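The numbers here are math on the coordinates, done by the rules we state, and not lab data. Keep in mind that what you see is a predicted model, and the values were worked out from it rather than measured. Please note: Cβ atoms are built from the backbone with ideal geometry, for glycine as well, and neighbour counts cover all protein chains shown.
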Amino acid sequence: MVSFIGYQCSVCGANYSPNEAIYTCPKDGGNLDVQIDIEKIKDQYQPEDIKNSSIFSIWRYLPLLPIKEPSYKETPFWAVGWTPVYSPEVLKNELNLEKLWIKDDGRNPTASFKDRASAVVVARAKEIGAEIIVTASTGNAGAALAGMAAAANHRAVIFAPKTAPSAKVAQLLVFGAQVFLVDGNYDQAFDLSVQASNEFRWYCRNTGYNPFTAEGKKTAAFEIWEQVIEPNKLDKPLNIFISVGDGNIISGIHKGFKDLFALDWLKEMPRIFGIQAEGSAAIANAFDDASEEIKAVSADTLADSISVNLPRDGLRALRAATQTGGRYIKVSDQAILNAIARLGIEGIFAEPAASTAYAGLEKAVEEGFIQKDDPVLVLITGSGLKDVKAAAMAVREATVIEPNLDALKKALNK
């Protein structure tokens with residue numbers, strides 16, 4: 001285990017030992033960055049030690065994570081991460097791009113990117129002796145926690161808005177979590193889960209609140225480094241497109257690249273593009289205003305996983321773009337639906353929050369932010385099976401015919 005040496009506040013810069021804080025900065029409530037011993041890693045490991053690993057999951061990166069090696073090796077817990085990367089020819093041609101990759105995190109055990117954070121948080125909960133883990137979620141984070149907790153024989157409590165897609169709620173229940181559907185929005189569920197955590201001393205997994213969530217999410221950066229950046233010897237910075245709600249995925253990936261850069265394992269930082277739905281664009285609004293003040297909005301988008309009034313990791317999410325030469329882009333719900341269909345032609349089934357990233361790439365190309373020779377990776381954060389109702393809105397209805405050849409010929413205009 002690499003030494004976990006403490007935390008640093010992303011707002012005031014204050015440093016804390018591992019025992020001085022748990023969730024956010026005691027001084028100003030800012031999000032905390034987990035600090036690992038970079039110099040110790042440099043002394044003990046080389047990139048080849050990672051690349052030669054026979055483990056193909058997030059656990060190949062244990063030397064870069066602030067937790068001990070977990071058990072549960074013959075469970076879904078050990079299968080999180082190392083998701084596939086595709087290079088879709090049809091989409092490359094449509095967008096007139098020379099280098100395009102799609103990384104599909106819908107292939108994780110519970111079908112979303114959130115498994116990365118939940119696996120690390122569950123491992124951390126075991127280390128500190130927490131018996132119950134709680135989170136608020138629109139579906140994916142809750143399903144990820146429920147699934148990982150089940151694999152580790154751990155108890156989980158989930159608060160979700162009662163409007164969460166039924167497929168996501170079903171996952172929570174199947175995995176054995178105790179589920180409370182809140183008659184309110186995600187932000188209200190979040191606040192209630194924090195209150196419950198404080199009242200009952202449950203360990204809170206909440207996105208953008210528990211510092212270890214970003215540590216799980218940064219593993220995607222390590223995989224992109226291994227799967228795309230290193231083998232392709234890119235002569236320009238990689239441009240990464242990520243859908244953004246609470247902001248913890250994009251900030252976690254940014255942290256992963258910063259860790260690699262600090263180790264001198266990464267020669268050039270990628271440019272990170274955050275994509276938000278027009279109806280839930282608090283961080284994009286701040287980017288447009290050239291401000292670091294994240295103002296709440298009244299979120300309204302069909303992409304439920306990124307529908308957030310006040311992002312809980314907004315500042316770090318904003319800096320992921322501003323500090324890497326990237327930017328924020330807003331897309332319409334119709335563009336999000338269209339992107340589901342476009343990804344589908346390459347055999348990639350994305351939920352609305354995931355297809356948002358691809359819709360952002362389409363707009364970036366149209367507006368000249370991405371050129372033909374710019375290498376691009378789009379991160380798909382969740383499977384379309386999470387929200388089949390939205391997927392059905394993205395395509396034409398199936399044709400109903402009588403069970404005979406004449407009816408088929410008529411439908412085919414033969």
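The relative contact order of segment 282-339, computed from alpha carbon pairs under 8 Å that lie at least 6 residues apart in sequence, is 36 percent. Between 216, 368, 274, the Gaussian network model of the chain with springs among Cα atoms under 10 angstrom shows the greatest mean-square fluctuation at 368. Between the C-alpha center of segment 230-270 and that of segment 281-353 there is a gap of 18 Å. Scan [x] 62, 57, 54; [y] 63, 56, 49; [z] 74, 50, 47 for the value of Cα extents along the principal axes in Å calculated from this model and give just the label. The value computed from this structure is option [z].
Which order do the peptides 165-172, 12-19 come out in when sorted by mean C-beta neighbours inside 10 angstrom, highest first?
Details: 165-172: 19.6, 12-19: 12.6.
Packing proxy ranking, top to bottom: 165-172, 12-19.
The sum of -39500 (n - 2.57) across all DSSP H runs of n ≥ 4, divided by the residue count of the chain, sets its helix-only mean residue ellipticity at 222 nm to -11000 deg cm²/dmol. Working from label points 7 Å from Cα in the Cα-to-Cβ sense, the residue 40 to residue 173 distance is 4.5 nm. Over segment 178-222, the fraction of Cα-Cα pairs per 5 Å bin, rounded to whole percents and listed from the shortest bin up, is 5, 19, 22, 22, 16, 10, 5, 1.
What ratio of Cα Rg to 2.2 N^0.38 Å holds for segment 87-165? Mind showing how you got there, number by number?
On the way: Rg = 17.0 Å, N = 79, 2.2 N^0.38 = 11.6 Å.
Ratio of Cα Rg to 2.2 N^0.38 Å: 1.47.
Ordering 326, 299, 405 by the projection of their Cα atoms onto the charge dipole of segment 249-407, which places +1 on the Cβ of Lys and Arg and -1 on the Cβ of Asp and Glu, puts 326 at the extreme positive end.
Please give the charge dipole size of the chain, origin at the Cα centre, charges +1 on K and R Cβ atoms and -1 on D and E Cβ atoms. Round to the nearest 20 debye. Spell out each step's value before the answer.
Working: 43 positive and 51 negative charges, 120 e Å.
It works out to roughly 580 debye.
Please report, in debye to the nearest 20, how large the charge dipole of segment 30-74 is about its Cα centre when each Lys and Arg carries +1 at its beta carbon and each Asp and Glu carries -1 there.
Details: 6 positive and 8 negative charges, 27 e Å.
Computed about the Cα centre, the dipole is about 120 debye.
Each of 140, 308, 6 was scored by the projection of its Cα onto the charge dipole of the chain, and the greatest displacement toward the positive side belongs to 140; charges sit on the C-beta of Lys, Arg, Asp and Glu. Under 5 Å from the amide H of residue 6 lie the amide H atoms of 35, each residue being 5 or more positions distant or on a separate chain, with H modelled from the backbone and absent for Pro and chain starts.
Springs join every pair of Cα atoms under 10 Å in this Gaussian network model of the chain, and among 178, 334, 44 the largest mean-square fluctuation is at 44. The value given for segment 1-115 is a Kirkwood hydrodynamic radius of 17.2 Å, derived from the mean inverse Cα-Cα separation.
When you count the other C-beta atoms within 10 angstrom of each residue and take the mean per peptide, 232-239, 59-66 line up highest first as 59-66, 232-239. Averaging over all projection directions, the Cα-based convex hull of segment 133-242 occupies 8.4 nm² in the image plane.
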